[in-house]
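The values are calculated or read from the model by the stated rules, or taken from the named source; none is laboratory data. Quick caveat, the model's predicted, so the values are computed rather than measured. Note: ideal-geometry Cβ built from the backbone for every residue, glycine included; neighbour counts use all protein chains shown.
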């Protein structure tokens, strides 16, 4: 058995022991099932959500807001980052705003977006977008400012102009920086969507969470947390594969 | 081939270089030596338009596209394969993709990197990366080759081997070369003339020495030539004469 397999078996065993202990403690009454329902009950809730199909409209709504926010945030972050890095005027205007947005917990904007944009998709998309935009803006802006000058001069001495510099140095560098932050951006987009739904909405995993909390349904709350964690982990795996594909030269 | 006239270079404060005059004849191999901070690299950067001088002029008998610049660092694009790095300059100058690839293979083979075309720079050793950088520059068939301590980071054996390969090529093609180096033995071993810069700021060329050791040269055996030892002593004395470093390093 390889070291990786040994590690995986150990982790699986540790998880099983933890679940078994949790189940036992809950069943013998040492843990109050009202607050800490046993894993079997949480598993049952997950099964019901999936089997009845109740989960899918909510998961779909959250995924739509998260993916749309991720896409718009990437486009805005890259565009504004490039503009600020290449134009001192744009940098002067944008940098203080972005620093301010970066300094605050941006989820506090959620109520404002609900007031402005309503409880539909737009307010969730806006929150996910702003979370991603600020992250990607700084990745691109700082990345371009700190681009390896030796590579720039290499291109210049080979006779390359701005177009060649963009194609050979800036765009590959920006791709590396963006992909380096991509997994965090996926997490941020999901955070924005779920928090937006939690504040005010009529569907989505955040809405379900809010419902579970207001009805003191701990089993549903834990089940939803597990579903969100699983979904984000799947997205992380996809993001990692994409990163390894786009930045193949880094993983050789 | 290259005439530098009254070159003064500064970085906002006191000039690093002050009134440098330098002539490099076609087919000659010249070295620039001097203490750290004396502005050796700045001269090369002005010749390649990477740096604007405060005063002075650069006169060239070749087009700037016929100048090859070998940097101290290999400065290869990490996201491009070896072949793509070697063909970069050719593609910038409009070579067709097929022709550029053929030339890249030719140069990689010449430099002992046959079969390495699909690898990335991160998969190569320091010496191999340096060979790729050399291939990238020589593939452009420069008439004037500028080198800024190109082999400083390599170990002695690799350094000697690559220096010899490059020297063989320069002698065979009668390239004009201006080399910046800290290594006095290297300067004497490969050059036809050595220019000694004084300490910066306001560095000037304080001495010029012709080296009449016949070519072709072997970088190891050249040290046994009767002129080598005395010239090394002279250069050493000239540099040891310089006051301790206190200025800007460039």
- Message: Let me confirm something: among B:72, B:84, which residue is touching a helix residue (DSSP H, G or I) at 6+ places or on another chain (Cβ under 9 Å), surrounded by 14 or more Cβ atoms within 10 Å (Cβ to Cβ), within 14 Å of chain A (Cβ to nearest Cβ) and not in a loop (DSSP other than H, G, I, E, B)?
- Response: B:84
- Query: What tally of residues in segment A:147-167 results from selecting those that are part of a helix (DSSP H, G or I), facing chain B (nearest Cβ under 7 Å) and within 21 Å of residue B:150 (Cβ to Cβ)?
  - Reply: 6
- Item | Neighbours by Cβ (under 6 Å, 6+ apart or cross-chain): first from segment B:214-236, in the same structural domain as residue B:159 (by TED's automatic domain parsing) and free of Cβ contacts under 8 Å to residues at least 40 places away in the same chain; second part of a helix (DSSP H, G or I) and surrounded by 16 or more Cβ atoms within 10 Å (Cβ to Cβ) | B:222/B:189
- Mind checking which pairs have a first residue in segment B:156-173 that is closer than 14 Å to residue B:189 by Cβ and a second that is at pLDDT 85 or above and in a helix (DSSP H, G or I), Cβ under 7 Å, 6 or more apart or different chains? B:162/B:127; B:162/B:130; B:162/B:131; B:163/B:186; B:163/B:190; B:166/B:134; B:167/B:190
- Query: Among (1) in a strand (DSSP E or B); (2) over 26 Å from residue A:160 (Cα atoms), where does residue B:57 come up short?
  - Reply: (2)
- Hey, residue A:39 hits all of (1) at pLDDT 95 or above; (2) over 17 Å from the mean Cα position of the chain (by Cα) but one; which does it fall short on? (1)
- Task: Kindly check whether there is at least one residue in segment B:7-21 that is over 11 Å from residue B:205 (Cβ atoms), in contact (Cβ under 8 Å) with a residue 12 or more places away in the chain and assigned to a strand (DSSP E or B).
- Result: yes
- Message: Just to verify a result, which residue in segment B:130-155, among those that are touching a strand residue (DSSP E or B) at 6+ places or on another chain (Cβ under 8 Å) and within 17 Å of residue B:190 (Cα to Cα), is surrounded by the fewest Cβ atoms within 10 Å (Cβ to Cβ)?
- Response: B:149
- Message: Show me the helices (runs of 4 or more DSSP H) found entirely inside segment A:1-103 where at least 1 residues are without any contact (Cβ under 8 Å) to a residue 12 or more places away in the chain and over 25 Å from residue A:212 (Cβ atoms).
- Response: A:3-27, A:55-86, A:88-103
- Message: Regarding segment B:37-44, can at least one residue be identified that is closer than 15 Å to residue A:155 by Cβ and assigned by TED's automatic domain parsing to the domain that holds residue B:215?
- Response: no
